[in-house]
Amino acid sequence: MAINYPTSLDTFTNPLSTDLLTSPDHATQHANINDAVEALEAKVAIGNTVIGTYTAYTPTINVVVGNGTMTTAYCRVNNFVHYWGKVVFGSTTTVGGGGLSLVLPVNMDASFSGSFNTGIGLLSCRDASASATVSGSALTTGSATTVYLESTQASGSYATSQAIGPNFPFVWTTSDILFWNFYYRAA
């Protein structure tokens with residue numbers, strides 16, 4: 001029998017102590033189990049990696065990268081999605097107005113996306129010239145496909161979030177860094 005995994009689960013025949021080595025065929029039994037174990041090893045990976053593989057992803061985001069760099073990747077294990085990204089600004093990198101929104105690599109489950117402005121992860125805005133980092137959040141938008149990236153600011157006795165723009169949380173310039181790291185349940 002050829003194995004079905006990872007498309008579907010296999011069903012193996014467990015021989016009884018009274019069965020002959022020909023029923024089920026001993027060599028075939030070993031070959032099937034070996035193939036299944038090899039398929040599991042390929043799926044799980046080797047070394048100190050988590051189950052799953054990170055995939056590079058180019059999101060739709062209202063940042064013109066220009067001569068800067070953007071690196072993002074996500075990993076999906078069952079319905080769990082981990083997504084991170086980093087933009088290092090160059091002299092021609094610009095942030096669009098109206099706040100930063102980010103299109104997700106995998107649609108979000110309604111139990112996450114249905115809650116407008118619920119934090120699902122972290123954001124860091126690094127001002128290289130001031131050697132300062134401002135934190136923020138990745139927030140749900142009510143959409144299964146998009147999150148907002150907002151920065152934290154002091155407002156009276158509380159910290160609030162505000163949409164990131166060309167001049168907030170600071171004037172973006174060369175060597176500044178925008179970094180996000182979050183997770184959510186896939187649809």
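The values are calculated or read from the model by the stated rules, or taken from the named source; none is laboratory data. Predicted model only: the values in this text are computed from it and were never measured. Because the Cβ atoms are built from the backbone with ideal geometry, glycine has one as well, and the counts that use them run over all protein chains shown.
Can you confirm whether region 81-100 contains a residue that is closer than 30 Å to Thr173 by Cα and touching a helix residue (DSSP H, G or I) at 6+ places or on another chain (Cβ under 8 Å)? No: region 81-100 contains no residue that is closer than 30 Å to Thr173 by Cα and touching a helix residue (DSSP H, G or I) at 6+ places or on another chain (Cβ under 8 Å).
Considering only region 130-187, state which residues are among the charged types (D, E, K, R) and at pLDDT below 95. Answer for region 130-187, where residues must be among the charged types (D, E, K, R) and at pLDDT below 95: Glu150, Arg185.
Is it fair to say Tyr148 is in contact with a helix residue (DSSP H, G or I) (Cβ under 7 Å, 6 or more places away or on another chain) and touching a residue at least 40 places away in the same chain (Cβ under 8 Å)? Don't jump to the end; show me each part of the working.
On the way: in contact with a helix residue (DSSP H, G or I) (Cβ under 7 Å, 6 or more places away or on another chain): no; touching a residue at least 40 places away in the same chain (Cβ under 8 Å): yes.
For Tyr148, the condition - in contact with a helix residue (DSSP H, G or I) (Cβ under 7 Å, 6 or more places away or on another chain) and touching a residue at least 40 places away in the same chain (Cβ under 8 Å) - is not met.
So is Thr145 under 15 Å from the mean Cα position of the chain (by Cα) and surrounded by 14 or more Cβ atoms within 10 Å (Cβ to Cβ) or not?
On the way: under 15 Å from the mean Cα position of the chain (by Cα): yes; surrounded by 14 or more Cβ atoms within 10 Å (Cβ to Cβ): yes.
The answer is yes for Thr145.
Can you list the strands (runs of 3 or more DSSP E) found entirely within region 133-187 that contain at least 1 residues being of a type in the set (Ser, Thr, Tyr) and on the phi > 0 side of the Ramachandran plot?
Values: elements: 146-155, 158-163, 177-185.
Passing ranges: none, list empty.
Taking the criterion of being of a type in the set (D, E, K, R), assigned to a strand (DSSP E or B) and either surrounded by 13 or more Cβ atoms within 10 Å (Cβ to Cβ) or modelled with pLDDT of 80 or more (or both), would at least one residue in region 30-43 satisfy it? Full working, then the answer.
So the first thing to find is which residues in region 30-43 are of a type in the set (D, E, K, R), and the list is 35, 38, 41, 43.
Those left that are additionally assigned to a strand (DSSP E or B): none.
No, every residue in region 30-43 fails to be of a type in the set (D, E, K, R), assigned to a strand (DSSP E or B) and either surrounded by 13 or more Cβ atoms within 10 Å (Cβ to Cβ) or modelled with pLDDT of 80 or more (or both).
Scanning region 11-25 for residues that are more than 44 Å from the chain's Cα centre (by Cα) and not hydrophobic (A, V, I, L, M, F, W, C) returns Ser17, Thr18, Asp19, Thr22, Ser23, Pro24, Asp25. Just wondering, is there one or more residues in region 107-124 that are buried (at least 18 other Cβ atoms within 10 Å of the Cβ), of a type in the set (S, T, N, Q) and either in contact with an Asp or Glu (Cβ under 7 Å, 6 or more places away or on another chain) or part of a strand (DSSP E or B) (or both)? The answer is no, given that none of the residues of region 107-124 is buried (at least 18 other Cβ atoms within 10 Å of the Cβ), of a type in the set (S, T, N, Q) and either in contact with an Asp or Glu (Cβ under 7 Å, 6 or more places away or on another chain) or part of a strand (DSSP E or B) (or both). With respect to the stated conditions, Ser8 fails to be over 26 Å from Ile120 (Cβ atoms), over 28 Å from the mean Cα position of the chain (by Cα) and either modelled with pLDDT under 95 or not assigned by TED's automatic domain parsing to the domain that holds Asn167 (or both). A Cβ distance below 9 Å, combined with a sequence gap of six or more or placement on separate chains, defines the contacts here; from region 27-54, residues that are more than 26 Å from Pro105 (Cα to Cα) reach residues that are modelled with pLDDT of 65 or more and among the small types (Gly, Ala, Ser) in the pairs Asn32/Ala2; Asp35/Ala2. Anything in region 78-95 that is farther than 23 Å from Tyr183 by Cβ and surrounded by fewer than 14 Cβ atoms within 10 Å (Cβ to Cβ)? List them, or say none. Across region 78-95, the qualifying residues are Ser91, Thr92.
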